[in-house]
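One structure is given here, and the rest of the page talks about it.
Bear in mind that the values in this text are calculations on the coordinates, not laboratory data. Keep in mind it's a predicted model, so treat the numbers as computed, not measured. Cβ placement follows ideal geometry from the backbone for every residue including glycine, while neighbour counts extend to all protein chains displayed.
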Amino acid sequence: MLGLKLPTDPRWVNIVEKNIEEILTDHAYCEQKAASTAISMIVSFPEKTELVDAMTDLVQEEMSHFKMVHELLVERNFTLGRERKDAYVIELRKFFPKGGSRADHLVHRLLIAALIEARSCERFRLLSEELEDPKLRKFYRKLMISEAHHYTLFLKFARMYAPNREEVDQKWEALLAFEAQLMKQLGTQETIHG
């Protein structure tokens with residue numbers, strides 16, 4: 001369903017299990033960054049009324065997820081650590097060339113957001129199935145469903161705003177192939193995407 005070309009190695013969960021505090025901190029910042037991305041789309045494309053409405057809802061949802069992750073940290077006597085760079089997202093953003101039309105810029109941002117949500121969904125599924133902690137398994141199952149919705153939402157908007165549906169689908173396939181190569185270098189850290 002997600003279209004990912006390379007699944008996460010299930011052994012990644014073993015890395016996560018060894019440092020739950022790190023994965024929760026990283027996850028909290030992922031939720032905050034997702035909210036920031038939605039706000040940025042509102043600011044950048046205010047004339048896209050349907051997008052603005054959807055991103056407004058998304059900001060609220062992502063910040064509620066941030067709050068839930070933060071509560072899990074506090075409940076476990078952890079504190080929210082410092083924000084980390086997300087090498088996965090940094091590399092994905094390099095895929096599309098700089099410049100181009102405003103419409104292309106929007107479509108590229110939407111495709112990257114869709115892919116980030118798809119990979120998060122896939123990782124949350126693994127956590128919901130493989131973590132030893134039953135509370136965290138249930139938590140990640142719930143968030144997995146939400147991430148799947150976000151992935152389809154961003155992809156829908158990319159296709160809606162693209163001047164040419166065939167071209168956007170080609171870009172999506174190329175981005176998926178690029179991401180698969182990127183994933184070969186990742187999966188060794190207790191981060192959502194790394």
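Couple of notes before you dig in:
- Value of Rg to Rh for the chain, rounded to two decimals, is 0.96; Kirkwood radius and Rg both from alpha-carbon coordinates.
- Length added when fully stretched, residue 63-residue 103, from 0.36 nm per residue minus Cα-Cα: 11.6 nm
- Placing a pseudo-label 7 Å from each Cα along the Cα-to-Cβ vector at residue 56 and residue 138 gives an inter-label distance of 3.4 nm.
- Cut-off under 5 Å, modelled amide H: who pairs with residue 2 long-range: none
- Gyration tensor over alpha-carbon atoms, the range 71-178, equivalent ellipsoid semi-axes in Å: 32, 16, 11
- Computed 3J(HN,Hα) for the range 84-95, one whole-Hz value per residue from the Karplus formula 6.51 cos²θ - 1.76 cosθ + 1.60 where θ = phi - 60°, is 10, 6, 9, 4, 4, 5, 4, 5, 4, 5, 7, 5, glycine and proline marked x.
- For the range 1-109, alpha-carbon Rg relative to the globular expectation (2.2 N^0.38 Å, N residues): 1.27
- Acute angle (nearest 10 degrees) that the helix 134-161 long axis makes with the longest principal axis of the chain, alpha-carbon atoms: 10 degrees
- Taking 7 Å steps out from each Cα toward its Cβ at residue 173 and residue 90 produces label points 3.2 nm apart.
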